[in-house]
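The values are calculated or read from the model by the stated rules, or taken from the named source; none is laboratory data. Values in this document were obtained by computation on a predicted structure and should not be read as measured data. All Cβ positions, even for glycine, are placed from backbone atoms using ideal geometry, and neighbour counts span all protein chains on display. We work out accessible area using only protein heavy atoms, side chains counted, and drop any ligands, DNA or RNA first. Shrake-Rupley method; radii C 1.70, N 1.55, O 1.52, S 1.80 Å.
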Amino acid sequence: MSGGGCSVRAIWILTPHDTVAFSRRFAVVEKRWRASWEAEGVGGGEGDRLGAAAATPPQLPADYEVAAAFAERRKRFAAMPLVLQSAYSVADACRPVTIFFIAFQEGTARGSGIRTSLSSVGSDSWVDDPITRHVISLHIDKEESDGFMIWPVVLQKRGGYYVLVLPMVDPVSFRAYENLLERPDCGSSAKENGNLSSILLNLPCITGAFMVAHVIGDIITGDTAEPEVIVNSGPSVGGLLDSLTGSIGISARSKPIAAPVAAPTASVSSPVGAAQSESLKGGLRPFDKELLRNFIIGAMPFGTPQDLNYTNVTSIKTTGFSGDPLPTDQKQPAWKPYLYKGRQRILFSSLETINAALYDRDDVPDFLSVSGQVTCRAELEGLPDVSLPLTGLETAHVEVSSFHHCVQASEPTDNKQTLVFQPPLGNFVLMHYQAPCNIAPPVKGFYQLSMVSENEGAFLFKLTLMEGYKSPFTMEFCMITMPFSRRRVASYEGNPSIGTVSMTEHSIEWRIVSSGRGLSGRSIEATFPGTVKFLPRTTQRTNSSFRSVSSITYAEDSDSEQDNVKNGASLDDYIMENINKDLQAVDLEDPLSWQAYNYAKVSFKITGGTLSGLTLDPKSINIYPTVKAPAEHSMQASSGDYILWNTLGKCPTAALPREL
């Protein structure tokens with residue numbers, strides 16, 4: 001079994017209220033699992049460790065038993081408040097602040113799976129491995145008989161739901177994990193045989209179960225759209241007019257291209273009646289169970305995953321398999337269930353995101369990093385092989401890269417690497433990579449803000465855009481946002497040297513470059529001095545150094561979000577929100593502590609090149625068998641967490657904004 005593929009015994013989707021929203025069992029896999037245990041002569045199977053051996057392996061637990069076992073596990077890992085006391089902030093040693101101290105009943109902070117003094121024998125944290133945050137065991141209690149354990153259960157949380165996938169494993173691997181639950185020593189070396197990593201490496205079903213959980217999470221959240229492929233829109237008039245408009249900064253804009261096959265997307269519309277109000281009351285968006293059920297039937301018949309690509313599965317259901325005969329010497333891959341017919345071309349898009357923290361200080365270095373992906377859509381007839389050379393590897397200093405499973409990548413040599421692949425139909429991500437930013441920041445300068453009174457602040461921006469960037473680099477838009485999350489903006493005064501300014505309840509937005517009028521072939525300087533006034537506060541700061549424990553809800557285990565906060569918020573964010581939600585504007589001598597007004601966020605989009613330096617040449621692409629198919633390549637870079645720190649802040653590295 002350990003050397004084979006992946007088969008799934010059962011899938012459960014649980015709500016934060018410890019109820020089962022969806023479940024699916026696979027009788028064929030369960031029969032195979034029971035036969036393997038009986039063949040090994042371990043009839044008690046999963047019940048041996050918790051009770052006397054049974055004559056036959058235990059049945060899969062009922063939904064309510066799984067929900068109860070998972071609720072008990074969450075309770076064991078629940079965060080418990082210990083004490084709230086005064087301490088001193090990093091930024092100012094003279095100001096006491098309230099600090100949270102949290103203990104976890106089992107494991108360390110956020111249920112990381114590391115053994116502590118509170119861990120118990122037989123629990124996941126006793127294994128002393130962080131991977132037990134994602135590959136867990138559940139202890140099923142039985143009233144009429146001894147309980148038993150199910151393992152390995154792959155756990156993911158998406159859209160507020162918990163996705164649990166139980167793959168089939170052989171008895172030897174299960175017994176090895178049982179031994180880890182009772183070992184007296186703490187931890188194990190990476191080279192030691194019998195540790196959890198070595199057990200999981202011999203179980204390819206774990207990887208398959210993660211893939212199943214991931215695609216189910218995509219369907220739950222409605223995130224089933226194909227990756228974006230950008231094509232440059234052709235000139236509308238051409239000739240002299242396009243040359244003139246390009247020289248003054250008006251350039252043809254790129255646009256996303258739709259997938260060739262329209263596939264239904266996961267429905268996130270709420271059903272009517274009581275079910276809707278109950279789902280929304282818990283902060284959950286209901287998902288289309290019928291859509292998920294049909295996907296499981298098509299993607300993993302009888303519990304064995306065949307093709308987990310959502311677009312492929314839905315396309316097969318809509319159009320059926322290809323009826324065209326294949327050459328006798330070719331085998332149709334699983335990722336291309338039907339063949340393309342029509343005009344042939346191949347499109348590539350390099351999409352990069354730059355994250356930056358710019359301090360404009362001699363004592364604090366700036367931080368810049370680029371994460372990117374190359375997306376592709378190959379509209380090619382038959383089953384051709386595509387050879388794509390990548391250049392600029394040494395220049396880009398690519399740190400991490402991963403490829404689509406259809407890609408065969410050569411070893412990098414002489415600043416080049418060749419990718420050979422038989423592309424699937426539709427848009428797909430050819431590769432992911434991470435690299436430093438190898439050219440100057442597209443937006444640089446400084447930002448200052450100081451409070452002149454409790455309800456008024458003076459600010460100054462002095463920025464340079466696109467310095468050192470030559471055509472065809474084009475900045476399509478750029479906007480600066482000054483957030484004031486704990487103050488309400490009453491008004492502002494000031495005139496920027498370029499662009500327009502708008503105001504929201506908690507921010508000021510400065511749009512330097514507007515969409516539709518790109519900045520290309522030149523750099524500009526932009527300044528914006530001004531003042532901002534806030535509405536007076538309506539609540540007073542409490543003088544007590546303690547905060548009521550009963551008014552705060554604590555998180556449960558692992559890397560899950562809180563049940564009563566919006567999806568996507570982390571435990572750290574939630575704790576900081578409770579600490580800071582009633583914080584007054586701090587003293588004028590240090591107005592910027594606790595991240596109150598400490599940074600401005602930059603948003604922009606650049607086309608025409610990559611910031612990492614990793615490039616590909618469409619003219620060097622080879623297709624075999626040779627066909628006449630034009631190749632196009634578009635490049636786009638956008639801002640992720642691009643931060644200008646207030647240079648007047650005392651300690652800009654003491655705390656990062658929530659976006660980071």
Efficiency by 1/(1 + (r/R0)^6): what FRET value for SER514 and LEU535, r their Cβ-Cβ distance, R0 = 25 Å, to the nearest 0.05?
-> 0.30
Under a point spin-label approximation (7 Å from Cα along Cα-to-Cβ), what is the THR418-PHE302 distance to one decimal in nm?
-> 4.1 nm
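First select every other residue whose beta carbon is under 10 angstrom from the beta carbon of ILE346; then total the charges, Lys and Arg +1, Asp and Glu -1. Don't skip to the end; give the middle numbers.
Values: positive: ARG345, ARG377; negative: GLU379, GLU632.
Taking every other residue near ILE346 into account, the sum is 0.
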Taking 0.36 nm per intervening residue step and subtracting the Cα-Cα distance, what contour gain separates TYR64 from GLU178 on full extension?
-> 38.6 nm
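DSSP loop chymotrypsin sites (Phe, Trp or Tyr not before Pro) in the range 340-376 with at most 12 other Cβ atoms within 10 Å of their Cβ, which ones? Mind showing how you got there, number by number?
Values: sites: TYR340, PHE348, TYR359, PHE367; in loops: TYR359.
Here no loop site has a sparse enough neighbourhood.
Within a Cβ distance under 11 Å of ALA213, other residues only, what is the Lys/Arg minus Asp/Glu net charge? Present the calculation step by step, with values, prior to reporting the outcome.
Working: positive: LYS157, ARG158; negative: ASP218.
After counting each charged neighbour, the total is +1.
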Work out the FRET efficiency for SER502 and THR527 from their Cβ-Cβ distance, taking R0 = 22 Å, and round it to the nearest 0.05.
-> 0.75
Using DSSP to define loop residues, name the GluC sites (Glu not before Pro) in the range 499-535 whose beta-carbon has at most 16 other beta-carbon atoms within 10 Å.
-> GLU505
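Could you list, in their original order, any pairs among LYS289/LYS331; LYS289/LYS601; LYS75/LYS142 whose Cα atoms are separated by more than 28 Å? Write out the running numbers ahead of the final one.
Values: LYS289/LYS331 34 Å; LYS289/LYS601 39 Å; LYS75/LYS142 19 Å.
Beyond 28 Å between Cα atoms: LYS289/LYS331; LYS289/LYS601.
Want the number for THR318 to SER638: 0.36 nm per residue separation, take away the alpha-carbon distance, what's left? Let's see the in-between values first.
On the way: separation 320, 0.36 × 320 = 115.20 nm, distance 3.57 nm.
That works out to 111.6 nm of additional length.
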Rounded to the nearest whole Å², what accessible area per residue is found for the range 336-421 with the 1.4 Å probe?
-> 45 Å²
Using a simple spin-label model with points 7 Å from Cα along the Cα→Cβ vector, what separation in nm is obtained for ASP385 and VAL364?
-> 5.3 nm
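Could you tell me the calculated FRET efficiency between THR19 and THR207, based on Cβ-Cβ distance and R0 = 30 angstrom, to the nearest 0.05?
Working: r = 29 Å, r/R0 = 0.97.
My answer for the efficiency is 0.55.
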Can you pull the three principal axis extents for the Cα set of the range 324-398, in Å, largest first?
-> 67, 22, 22
What is the packing order of peptides 19-31, 206-218, taking the mean over residues of other C-beta atoms within 10 Å and listing the highest first?
-> 206-218, 19-31
